[in-house]
1. Out of B:75, B:32, B:94, report the one residue that is among the charged types (D, E, K, R) and either crowded, with 19+ Cβ neighbours inside 10 Å or within 10 Å of another protein chain (Cβ to nearest Cβ) (or both).
2. Test residue C:43 against the criterion of being in contact with a strand residue (DSSP E or B) (Cβ under 9 Å, 6 or more places away or on another chain) and more than 9 Å from every other protein chain (Cβ to nearest Cβ), and give yes or no.
3. Is there a residue being at pLDDT 95 or above and touching a Lys or Arg at 6+ places or on another chain (Cβ under 9 Å) anywhere in region D:117-129?
4. What pairs can you find where one residue is in region B:124-135 and of a type in the set (D, E, K, R), the other is modelled with pLDDT of 95 or more and surrounded by 11 or more Cβ atoms within 10 Å (Cβ to Cβ), and their Cβ atoms are less than 8 Å apart, with a gap of 6+ or different chains?
5. Among the listed residues D:66, D:15, D:8, which satisfies the condition of being closer than 22 Å to residue C:52 by Cβ and modelled with pLDDT under 95?
6. Determine if region B:95-103 includes at least one residue that is in contact with a Ser or Thr (Cβ under 8 Å, 6 or more places away or on another chain), among the β-branched types (Val, Ile, Thr) and over 30 Å from residue C:29 (Cα atoms).
7. Could you check region A:1-26 and list, in sequence order, the residues that are at the interface with another protein chain (Cβ under 9 Å from one of its Cβ atoms) and either under 17 Å from the mean Cα position of the chain (by Cα) or within 21 Å of residue B:19 (Cβ to Cβ) (or both)?
8. Looking at this structure, is residue C:108 under 30 Å from residue B:36 (Cβ atoms), crowded, with 19+ Cβ neighbours inside 10 Å and away from every other protein chain (no Cβ under 14 Å)?
Number of protein chains: 4
Amino acid sequence: MFTHRLRAAYRDVTAGNHVYYARYLDWLEIARNEAFRELGFPLIALQEQGVILPVIESAMKHLGFARYDDEVEIRTRVVELGGASFLLEYRIFRGSDLLLEATTRHAVANLTEKPVRMPPALKERLARHLVSASE
Amino acid sequence: MFTHRLRAAYRDVTAGNHVYYARYLDWLEIARNEAFRELGFPLIALQEQGVILPVIESAMKHLGFARYDDEVEIRTRVVELGGASFLLEYRIFRGSDLLLEATTRHAVANLTEKPVRMPPALKERLARHLVSASE
Amino acid sequence: MFTHRLRAAYRDVTAGNHVYYARYLDWLEIARNEAFRELGFPLIALQEQGVILPVIESAMKHLGFARYDDEVEIRTRVVELGGASFLLEYRIFRGSDLLLEATTRHAVANLTEKPVRMPPALKERLARHLVSASE
Amino acid sequence: MFTHRLRAAYRDVTAGNHVYYARYLDWLEIARNEAFRELGFPLIALQEQGVILPVIESAMKHLGFARYDDEVEIRTRVVELGGASFLLEYRIFRGSDLLLEATTRHAVANLTEKPVRMPPALKERLARHLVSASE
């Protein structure tokens with residue numbers, strides 16, 4: 001489980017002062033980026049080794065809305081791990097309020113976007129963090 | 001079935017020259033906005049009557065990537081219609097290439113984000129466009 | 001003088017229902033992209049020839065605010081043309097209301113962002129459209 | 001002088017892996033928001049008192065480009081302070097490299113965007129931080 005905190009800026013909200021739905025995907029990217037850094041596999045280092053992890057599926061369920069200047073916590077975990085893809089699950093909280101449940105599925109590809117095997121060291125590291133989605 | 005065409009701008013792409021995943025949700029909003037205008041229920045007119053249609057769930061599956069300056073076609077249809085929510089389905093094509101399949105589920109709410117009944121005229125109009133998701 | 005019309009989406013507005021200030025720069029990019037296409041030098045074709053036109057300076061003056069679903073017209077013209085850079089001037093109108101005056105200064109660079117000479121055919125074409133900023 | 005650090009996300013960069021020009025304005029907003037919080041006048045608290053500080057002019061000069069995952073420092077200061085508006089100046093650094101010089105001019109308005117006098121306590125606080133632009 002990885003956690004990252006950030007604050008909703010004016011750039012993130014729309015009319016009616018709630019965060020625009022697509023901006024939550026921006027936030028998930030930021031949380032994911034920090035999660036991989038914490039794992040010891042910064043995405044930029046993977047990219048320099050020729051490996052990218054493009055999102056091939058995503059899903060979000062909104063249970064509440066973040067507002068301008070809200071500070072939120074994004075909790076990220078690995079819930080599926082295959083040879084060619086993996087699934088991350090996210091929850092966004094404002095205090096104890098759960099605002100969003102989401103998932104992103106990632107392929108493993110080279111810089112020309114062809115599928116490649118996940119680097120074994122990364123797979124092993126992710127496996128140590130793998131949890132069941134129902135936990 | 002509603003169609004809307006737009007072009008990927010530099011603002012939409014990220015490193016590696018593919019459209020950033022969250023920007024597709026921006027595009028779906030634009031397509032949806034035009035679909036409701038075509039239906040005779042522009043979202044801004046609904047809003048002036050105190051009704052908004054917030055996204056409560058979304059899902060996307062990427063089958064290809066749009067690039068800078070690509071022109072794409074977004075096809076939108078109504079696939080579920082209930083008293084309190086409805087589901088839209090989208091496909092994004094570049095020429096004959098299907099790049100994205102997506103859905104958004106919408107609640108019907110007032111300006112303070114409380115659930116309200118869908119205006120009957122809107123419901124009737126959406127019902128005429130309702131298709132089975134498997135079609 | 002080139003003109004491009006577009007509509008403010010929810011993605012463009014912030015709390016208080018006015019277009020977020022940075023989004024106008026997004027709009028200027030879209031207008032500029034279409035202006036160069038109309039000139040016969042689509043930016044993507046220049047890029048395929050190894051030439052990019054990065055923004056090195058920009059300035060904006062807001063005289064009014066665009067709102068959700070407003071349709072605006074962006075008028076673009078070339079007001080300075082040098083060997084190594086050029087200056088574009090923009091005005092954004094909603095009907096007859098002038099909302100924004102802006103400029104962007106562009107360098108001419110190769111794909112590794114080193115300065116290069118402007119392709120003579122492009123320079124000649126821009127020169128035909130050059131107008132004085134005071135006109 | 002206020003400083004804020006942030007990291008360039010994929011959402012911020014465009015093709016060619018440099019931060020898209022409009023995103024720097026997003027960053028300036030974030031830095032400004034934190035500067036006012038540090039001053040003791042969080043923008044959200046001002047807004048709750050009916051005062052907003054809309055940007056009426058902005059200017060940017062790019063001396064270098066931030067890349068994906070770069071950490072940058074944004075330095076903000078007050079360089080002009082009038083009864084009806086004030087001017088902020090920003091510099092963005094990556095390490096010791098100056099990437100951007102920018103300014104934003106702000107009006108003082110109520111929630112319906114009419115000009116109002118700056119709250120005296122805010123003006124006094126800003127005055128203590130006022131520096132000459134040439135320093």
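1. B:32
2. no
3. Yes, region D:117-129 contains at least one residue that is at pLDDT 95 or above and touching a Lys or Arg at 6+ places or on another chain (Cβ under 9 Å).
4. Pairs that qualify, where the first residue is of a type in the set (D, E, K, R) and the partner is modelled with pLDDT of 95 or more and surrounded by 11 or more Cβ atoms within 10 Å (Cβ to Cβ), are B:125/B:39; B:125/B:41.
5. D:15
6. no
7. Passing the criteria: A:7, A:11, A:12, A:14, A:20, A:21, A:22, A:23, A:24, A:25, A:26.
8. The answer is no for residue C:108.
The values are calculated or read from the model by the stated rules, or taken from the named source; none is laboratory data. Being a predicted model, the structure only gives us computed values, none of them experimental. When we count neighbours, we look across all protein chains shown, and the Cβ atoms used for this are built from the backbone with ideal geometry, even at glycine.
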